[in-house]
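Please treat every number below as a calculation from the coordinates, not as lab data. From a predicted model like this one, the values you see are computed outputs, not experimental measurements. Positions of Cβ are backbone-derived with ideal geometry, glycine not excepted, and every protein chain shown enters the neighbour counts.
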Amino acid sequence: MIIKIYSTQTCPYCVMAKEYFKAANLPFEDINVSSDEKMIEEMVAKSGQMDVPVIDIDGNIIVGFNKEAIEKALNK
């Protein structure tokens, strides 16, 4: 399973998402979009959104910290 979180350092929902995956012992790639134009473009292409966090779980795109959607994507 590949998990990517497109985030910024100042976003409280990004912090919540990262803490959720850490607590579940699920490895993820944290992509800070605040300073990387290429990653911003990738995030928008995947989600159609400029909002963070954007969570990509094996191609399932979740915008925001939506625990129910995350657990569904994780098949919990």
For the chain, what is the number of Lys pairs with C-alpha distance below 25 angstrom, counting only pairs 8 or more positions apart or on separate chains? 21
Whole-Hz ³J(HN,Hα) for each residue in the range 53-60, computed from phi via Karplus 6.51 cos²θ - 1.76 cosθ + 1.60 with θ = phi - 60°, x for glycine and proline: what do you get? x, 10, 10, 10, 10, 6, x, 7
Which value in deg cm²/dmol, rounded to the nearest 500, describes the helix-derived mean residue ellipticity at 222 nm for the chain, given -39,500 (n - 2.57) per DSSP H run of n ≥ 4 and division by the residue count? -11500 deg cm²/dmol
If one takes the longest principal axis of the Cα atoms in the chain, at what angle in degrees, from 0 to 90 and to the nearest 10, does the Cα axis of helix 12-23 lie? 40
So how do SER47, SER34, SER7 line up by other beta-carbon neighbours within 10 Å, fewest first? SER34, SER47, SER7
If you take the charge dipole of the range 3-73 about its Cα centre, with +1 on Lys and Arg Cβ and -1 on Asp and Glu Cβ, which of SER35, THR8, PHE65 is farthest toward its positive end? PHE65
Helix 37-47 sits off the longest principal axis of the Cα atoms of the chain, rounded to the nearest 10 on a 0 to 90 degree scale, by 50
Suppose we keep just the DSSP beta bridges with both residues in the range 3-73; what percent of those would be antiparallel, to 5? 65
